[in-house]
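S.K.: Here it is: the structure, laid out below.
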Amino acid sequence: MQKIIIPNTDIYTSRLGFGTSSLHHLYSKNKRKKMIYAALDEGFLYFDTARMYGHGMCERSLGEFLPTSWRDDITISTKFGIVANSVYESFPLAMYAGKSFKKLFKPSFSKVSRDITLNGIMASVSKSLSALKTNRLDVLMLHEPLSSEIPLLEHSMEWILKQKESGRIRYFGLAGEVEQCMELKRYFGDAIDILQIED
């Protein structure tokens with residue numbers, strides 16, 4: 001697979017990334033392992049995940065199955081902001097039961113919990129590092145940012161920049177809707193390295 005350098009970074013990785021938002025739809029751990037290995041076999045070196053994908057399961061699967069010997073060749077991107085359900089994190093079967101309930105009864109509400117407070121970001125990064133079994137995140141992104149959250153993010157930005165200086169987070173970015181991402185990018189400028197937006 002073709003490799004590229006991601007603009008505004010020194011990340012040299014596969015041109016295509018492997019997104020894990022649906023990885024937890026494979027109920028079997030062995031099937032998730034085979035899917036990750038198949039991606040590696042096809043040349044994927046960029047793996048995109050998030051705390052809320054499978055409520056932690058997708059990060060844990062990458063941490064368990066990505067070969068540690070490949071760590072310097074693999075780029076891992078994860079996200080914070082949309083909070084994983086703590087019950088589902090601890091009891092994955094409850095997550096599958098909840099999904100079945102939603103399919104059967106189609107509730108009209110769908111609550112998404114957000115947290116971009118400093119404590120929330122710190123907790124999310126700590127959980128991500130632990131689940132991914134790594135000491136650094138190549139890319140950390142704010143998940144589906146909202147311009148109304150600029151004051152909260154501004155309060156947390158000093159901590160994020162310190163993590164970048166230490167190498168715990170290599171690059172910081174935004175992943176979401178174009179207009180919202182661009183508004184935050186204009187506000188924070190060079191503090192934001194990467195935008196992951198709809199093509």
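S.K.: Note down the accessible area of Phe65, probe 1.4 Å, to the nearest 10 Å².
M.R.: 20
S.K.: When the Karplus curve 6.51 cos²θ - 1.76 cosθ + 1.60 is applied with θ = phi - 60°, which whole-Hz ³J(HN,Hα) does each residue of region 4-16 get, with x for Gly and Pro?
M.R.: For region 4-16, the Karplus-derived couplings read 9, 9, 5, x, 6, 9, 10, 7, 9, 8, 5, 4, 9 Hz, x marking Gly and Pro.
S.K.: Dipole magnitude of the chain about its Cα centre, charges +1 at Lys/Arg Cβ and -1 at Asp/Glu Cβ only, in debye to the nearest 20?
M.R.: On the way: 26 positive and 23 negative charges, 213 e Å.
For this selection, approximately 1020 debye.
S.K.: Can you tell me the accessible area per residue over region 33-90, all protein chains present, probe 1.4 angstrom, in square angstrom?
M.R.: On the way: 2330 Å² over 58 residues.
Counting only protein heavy atoms, the per-residue value for region 33-90 is 40 Å².
S.K.: What is the set of long-range amide H partners of Thr75 at a cut-off below 5 Å, with H atoms built 1.01 Å from backbone N?
M.R.: Amide H to amide H, under 5 Å and 5 or more residues apart or across chains, Thr75 pairs with Tyr46, Phe47.
S.K.: Hey, got a sec? Which GluC sites (Glu not before Pro) in region 141-199 land in a DSSP loop and have at most 14 other Cβ atoms within 10 Å?
M.R.: Glu177, Glu198
S.K.: Enumerate the amide H contacts of Ile169 below 5 Å, restricted to partners 5 or more residues apart or on another chain; note that Pro and chain-start residues carry no placed amide H.
M.R.: Leu137, Lys164
S.K.: Each residue of region 169-177 in order: what ³J(HN,Hα) in whole Hz does its phi give by Karplus 6.51 cos²θ - 1.76 cosθ + 1.60, θ = phi - 60°, with x for Gly and Pro?
M.R.: So the J values, rounded to whole Hz, are 10, 7, 9, 10, x, 10, 10, x, 6.
S.K.: How large is ³J(HN,Hα), in whole Hz, for each residue of region 130-145 in order, when computed from phi with the Karplus curve 6.51 cos²θ - 1.76 cosθ + 1.60 and θ = phi - 60°, using x for Gly and Pro?
M.R.: My calculation for region 130-145 gives 5, 5, 7, 6, 9, 9, 8, 10, 5, 9, 10, 10, 7, 7, 6, x Hz in order.
S.K.: Carbon-plus-sulfur fraction of the accessible area of region 5-49, 1.4 Å probe, in percent?
M.R.: Taking all protein chains in place, region 5-49 shows 53 percent carbon and sulfur surface.
S.K.: Report, please, the projected area of the chain averaged over directions, based on the convex hull of its C-alpha atoms, in nm².
M.R.: So the Cα hull casts an average projection of 11.6 nm².
S.K.: If you don't mind, there's one more thing I want to ask. Roughly how big is region 1-50's charge dipole about its Cα centre, with Cβ charges of +1 (Lys, Arg) and -1 (Asp, Glu), in debye to the nearest 20?
M.R.: 300
The values are calculated or read from the model by the stated rules, or taken from the named source; none is laboratory data. Note that the coordinates shown come from a computational prediction; the quantities given were computed from them, not determined experimentally. Cβ sites come from the backbone with ideal geometry, for glycine too, and all protein chains shown count toward neighbours. The area values use the complete protein model at the heavy-atom level, side chains included, leaving out ligands, DNA and RNA. Shrake-Rupley method; radii C 1.70, N 1.55, O 1.52, S 1.80 Å.
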